[in-house]
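Heads up: the structure comes next, in structure tokens.
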Amino acid sequence: MKILMATFWTLPHTGGLWRYVEQTKKNLENKGHEVDVLARYPGYRPQFYILGKPLIRIKGLRSQIKPWINQHLGMSMNSWIIETELCRYSLELAAASLNLNQYDIIHTQDVISTRSLARVKPTHVPLIATLHSSLTKELDFIERLSHEPEVQKYCHDLESVGACSSDKTIVPSVWLQDVMKREFSVPEDQLIVVPNGMDIRAFEKAARNPPLITKPPGKKLIICIARLTALKGHHTLLDALRQLKDKRTDWQCWIVGDGNLKGDLRSQITQLGLEPYVTLLGQRNDIPTLLKQSDIFVLPSLQENLPYGVMEAQVLGVPVIVSDAGGLPSMVEHRKTGFVFRRQKALALYKLMNQLLEDPHLSRRIGNNGKRKAKETWSIDTMISKLESLYSQLMHSEKKGRAGTEGKGLLSKQELSKHAPQGHPVWNAVIKGLPSDYVLPDVIAGKH
């Protein structure tokens, strides 16, 4: 099969999306499939590329479509919505330039790319989506957007429509399945739960490499691996560590990751007197050897789906403590394969960390139980087998066609062709690849 994986977001990039795409591509290719990945180009907005290939440069794209978006939305519309609209139509036109007929299946990785590819794909090419999170729910943790009703409505509408724009929609957890059904009215038969997988053998092998840094002698190591963003709950961890410091000093904490909260976390570490105990390691490429040295893995998230960090810690037998956010409780059986505490409850987290530090027998038992369960549950082979089966089913079933071409819109394919720079090869490919009934803008933005 020739497969196009596509996302609205930048790749490569820190986080679970990149790990999923990277591992899925590698393992599908190992089984003889050909896989391209379409993503936003790092540092460029709003331009896209196939990983490993040159940027898809669509000359004058922004100036061509922005007036139509402004006319549709109105100049008073929130600037984030206008920018998102520009980016998603840029994705649509970039995808159209690729000759989508060459692919046997398209596999999108978020609701925005799902909606975009559904609007431009050939009718006969099936589209399957994997959703790694809820776009609308994550807005709650972006301060400048969380109190904007227009943005909330826009994301809710886009998520509701995008999740239904594929032939089938994969969610990695029962929690996200329930969210999609309950909050976004996605039909149950549209959704399929396929847990994420990881290459366990490769990860165990990497963990045996010599470490680039080592934990202090005589200290137990607590590790937290997560982007430094509000939804990951680092403030709760630091509050809990302050209490742990008052109880004992035989530990060190490494916080691995990068993000816009780095400055705030540094200030909190100083204010709480944690500088001798807590180190911000930044973004790292040696996660396996860091985890191999760790005695406790903590993920105090306020929202989460099915994070790779928990899987990786469990695979190496590191006892995990997670909050009760999102899909985390489905990954950990409390007091058997790990511990679960109520999100934002620093006292509860402190008590669990102290309990594991005080009781090595309990720590070993929890770690071993988690490792056994992880090897049964998180195999990449199982995930890839399920994906191949779904791909095959969709290729041999009736397709839905395309989405979002209903209505007149403001800018048809014919009008777009008139305004496009003449003789530009990428624009020529765009116009050739667009469906005859393609229109801009989509029916979602600005609807009331």
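Read-outs throughout are calculated quantities, based only on the coordinates presented, and are distinct from any laboratory measurement. The structure displayed is predicted, hence computed values, not measured ones. Cβ: placed from backbone, ideal geometry, glycine included. Neighbour counts: every protein chain shown.
Which angle from 0 to 90°, rounded to the nearest 10, does the C-alpha axis of helix 111-120 make with the longest principal axis of the chain?
The answer is roughly 20 degrees.
Give the residue from 151, 123, 33 lying farthest towards the positive end of the charge dipole for the chain; charges sit on Cβ (+1 for Lys and Arg, -1 for Asp and Glu) and the dipole is referred to the Cα centre.
So the residue we want is 33.
Diagonalise the Cα gyration tensor of region 304-351 and give the resulting equivalent ellipsoid semi-axes, square root of 5 times each eigenvalue, largest first, whole Å.
Ellipsoid half-lengths, sorted descending, are 17, 13, 9 Å.
Could you tell me how far the Cα centroid of region 98-112 sits from the Cα centroid of region 250-292, in Å?
Between the Cα centres of region 250-292 and region 98-112 lies a distance of 38 Å.
Top mean-square fluctuation among 137, 26, 247, Gaussian network model of the chain, C-alpha springs under 10 Å?
Comparing 137, 26, 247 in the GNM, the peak value goes to 247.
As a quick test, which of the pairs 232/351; 59/432; 26/137; 66/181; 220/336; 137/345 have an alpha carbon distance above 25 angstrom in this structure?
26/137; 66/181
Taking K and R as +1 and D and E as -1, what net charge do the other residues with C-beta under 12 Å from the C-beta of residue 258 add up to?
+4
Just the Kirkwood number for region 280-380, please: inverse of mean 1/r across all distinct Cα pairs, in Å, one decimal.
After inverting the pairwise mean of 1/r, the radius is 13.6 Å.
Between beta-carbons, use under 13 Å as the cut-off and find the net charge around residue 71, counting Lys and Arg +1, Asp and Glu -1.
That works out to -1.
Let me make sure I get this right: for region 117-255, a, b and c are the square roots of the gyration tensor eigenvalues over alpha carbons, sorted descending. Under 1.5 in a/c it's rounded, otherwise prolate if a/b > b/c, else oblate. Which is it?
Judged from the Cα gyration tensor, region 117-255 comes out oblate (a/c at least 1.5, b/c at or above a/b).
In whole Hz, what ³J(HN,Hα) sequence does region 251-265 give by Karplus (6.51, -1.76, 1.60; θ = phi - 60°), x for Gly and Pro?
8, 9, 10, 10, 10, 10, x, 9, x, 6, 9, 4, x, 4, 5
Could you state the angle between the C-alpha long axis of helix 380-395 and the longest principal axis of the C-alpha atoms of the chain, as a value from 0 to 90 degrees rounded to the nearest 10?
Roughly 20 degrees, rounded to the nearest 10.
Report, to the nearest 10°, how far helix 346-358 tilts away from the longest principal axis of the Cα atoms in the chain, using its own Cα long axis and a range of 0 to 90°.
That works out to roughly 50 degrees.
Given the options 344, 293, 71, state which has the largest fluctuation in a GNM of the chain using a 10 Å cut-off (strictly under) for Cα springs.
Highest fluctuation among the options: 71.
For residue 410, enumerate residues with amide H under 5 Å from its amide H, sequence gap 5+ or separate chain, H modeled in the peptide plane.
440
Sort 374-387, 219-232 by the packing proxy (mean of other Cβ within 10 Å over each peptide's residues), most packed first.
Ranked from most to least packed, the peptides come out as 219-232, 374-387.
Taking N as the number of residues in the chain, what value does Rg over Cα atoms divided by 2.2 N^0.38 Å take?
Compared with the compact-globule rule of thumb, the chain sits at 1.04.
What residues have an amide H closer than 5 Å to that of residue 9, excluding those fewer than 5 places away on the same chain, when H is modeled at 1.01 Å from N in the peptide plane?
Counting only residues 5 or more places away or on other chains, the set is 40.
For every other residue with a beta carbon closer than 14 angstrom to the beta carbon of residue 52, add +1 if it is Lys or Arg and -1 if Asp or Glu, then tell me the sum.
-1
Mind listing the phi-derived Karplus ³J(HN,Hα) values for region 220-234, rounded to whole Hz, using 6.51, -1.76 and 1.60 with θ = phi - 60°, and x for any glycine or proline?
Once rounded to whole Hz, the list reads 7, 10, 9, 10, 10, 10, 5, 4, 7, 10, 4, 6, 8, x, 4.
Rank these for me by crowding, 395, 77, going from fewest to most other beta carbons within 10 Å.
Fewest-to-most ranking of 395, 77: 395, 77.
For region 200-378, what class follows from the C-alpha gyration tensor (a ≥ b ≥ c being the square roots of its eigenvalues): rounded when a/c is under 1.5, otherwise prolate if a/b is larger than b/c, else oblate?
rounded
From the square roots a ≥ b ≥ c of the eigenvalues of the alpha-carbon gyration tensor of region 42-83, which class results: rounded (a/c under 1.5), prolate (a/b over b/c), or oblate?
Prolate, because a/c is 1.5 or more and a/b exceeds b/c.
Taking amide H positions as placed in the peptide plane 1.01 Å from N, state which residues far from residue 192 in sequence (5 or more) or on other chains have amide H under 5 Å from it.
169, 170, 171
Helix-only mean residue ellipticity at 222 nm, the chain, DSSP H runs n ≥ 4 weighted -39,500 (n - 2.57), per residue, nearest 500. What is it?
Dividing the helical sum by the residues of the chain leaves -13500 deg cm²/dmol.
Fewest Cβ neighbours within 10 Å first, please rank 124, 361 accordingly.
Ascending number of Cβ neighbours within 10 Å: 361, 124.
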